[in-house]
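Only one structure is covered here, and it is reproduced in the block below.
The values are calculated or read from the model by the stated rules, or taken from the named source; none is laboratory data. As the structure is a prediction and not an experimental result, all values here were calculated from the model. Here Cβ is always computed from backbone atoms with ideal geometry, including for glycine, and neighbour counts include all displayed protein chains.
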Amino acid sequence: MKIHEFQAKEILRQAGVPVPAGMVARTPEEAAAAFKQLGGSVALVKAQIHAGGRGKGTIKEHPSQRGVQVVRSAEEAAAVAGRILGHALVTLQTGPEGRVVHQVLVEAGCEIARELYLGIVLDRSRQAPVLMVSSEGGVNIEEVAAQTPEKIFKEWFHPDGGLRPYQARKLAVKLQLRGASLAHAERFMCGLCRVFVSQDCSLLEVNPLVVTSRGELLALDAKLNFDDNAAFRHPERANLRDLAEEEPSEVRAAEAGLSYVKLDGNIGCLVNGAGLAMSTMDLIKLHGGEPANFLDVGGGANAEQVTEAFRILLADGNVRAVLVNIFGGIMRCTTIAQALIEAYRMVGFNVPLVVRLEGTEVEEARRMLAESELDIISASDLTDAARKVVAAAQQAP
């Protein structure tokens, strides 16, 4: 789950991590009022979308306008907000279509002495969270890792104990922080690590982390992604979700209890089991096709879920063929076959459908599909299914 910058900063603020004062605006008038209320002579107007690179991104309708801009008056704040709100912001992470901006963050300016980078992720190889810092703030960390990896410093910590003060001081020294900044860095880094664990984050990133002219550390930007598997522990997060920022088909699938991710290909996939779904997608690509989605219906899918899955797949205008790949382990293949037949009749197919079944009662299931008189292409194994669905997609109008 992703949240907006202003939401992430509120979580950091409540945890005692220093962030700039700011207010959310959804109209130009609100942006002007926010500038006045902040009371300074300089502020930033920052587009709020679930994508990075906003500072370098451009407004699609106004290519000269960036997603983050400095303003020096209430009138300028209103004018800038007016050119951002309701328009698509295009960044490296949004693709050429961009994302429509529905709100901006008007944030107080500060005197910046240095820009640093800080990020926390889970290192699966160490089975522990890792805090990463770099002197190259304000730059994509991928570029730093590729070009100057020696400028990235890391410290691993245990979730229960958190980051130790000596670890924070070690990183601060490597960042060449001195005096008051060293003490600020210790509190800042330890505080962020506590947030990462307590909030069940999958990512916490501050880029840039700025050192002010007074030597204080400030989270000028903030990105928090949460682990969906821990959502049950945080019911209060329901109001943080912005459905306008999510793919509608993915939201629809989640409501039906389906694991679905939309992709750019033209072959729809309906599979039970995440590993089998990944293998199916790999084989489709191996034989020259492009998957249109990842879709795991799970081991206990019923007719209603299969029907909804088909509707989601066929709602994608790019789909030219559909591959159903089911291994009947706990669930019998006959149950899956009956669900497929009912779903097919209810939805109505206008693209080729290839079905590969394997597992418990598979012969009876294949007989059911054959006797259904539906236009279904049967496959003997996964390789056969991949070849057939790629050929069908290529021949489809």
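Answer yes or no: is there a residue in segment 251-267 that is part of a helix (DSSP H, G or I), under 19 Å from the mean Cα position of the chain (by Cα), without any contact (Cβ under 8 Å) to a residue 60 or more places away in the chain and surrounded by 16 or more Cβ atoms within 10 Å (Cβ to Cβ). Walk me through how you get there before you give the answer.
Filtering segment 251-267 for residues part of a helix (DSSP H, G or I) gives 251-255.
Keeping just the survivors that are under 19 Å from the mean Cα position of the chain (by Cα) gives 251-255.
Add one more test, that the residue is without any contact (Cβ under 8 Å) to a residue 60 or more places away in the chain, and what stays is 251, 253-255.
Then drop every residue that is not surrounded by 16 or more Cβ atoms within 10 Å (Cβ to Cβ), which leaves 253.
Yes - at least one qualifying residue is present in segment 251-267.
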| query | Is it true that some residue in segment 306-316 is assigned by TED's automatic domain parsing to the domain that holds ASN272, part of a strand (DSSP E or B) and either touching a residue at least 24 places away in the same chain (Cβ under 8 Å) or surrounded by fewer than 16 Cβ atoms within 10 Å (Cβ to Cβ) (or both)? | reply | no
| Identify, please: which residue in segment 367-393 is surrounded by fewer than 18 Cβ atoms within 10 Å (Cβ to Cβ), in contact (Cβ under 8 Å) with a residue 12 or more places away in the chain and not aliphatic (A, V, I, L, M) and is, among those, farthest from ALA321 (Cα to Cα)? | SER372
| message | Looking only at segment 112-159, how many residues end up being out of contact with any Pro (no Cβ under 6 Å at 6 or more places or on another chain), touching a residue at least 12 places away in the same chain (Cβ under 8 Å) and among the charged types (D, E, K, R)? | response | 7
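Out of all the residues in segment 95-105, which are of a type outside the set (Val, Ile, Thr), part of a strand (DSSP E or B) and under 20 Å from the mean Cα position of the chain (by Cα)?
Of all residues in segment 95-105, those of a type outside the set (Val, Ile, Thr) come to 95-99, 102-103, 105.
From the residues that got through so far, the ones that are part of a strand (DSSP E or B) too are 99, 105.
Correct list: ARG99 only.
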| field | Unmet requirement for ALA230, which otherwise passes all of (1) within 21 Å of ASP123 (Cα to Cα); (2) surrounded by fewer than 17 Cβ atoms within 10 Å (Cβ to Cβ); (3) in contact (Cβ under 8 Å) with a residue 40 or more places away in the chain | value | (3)
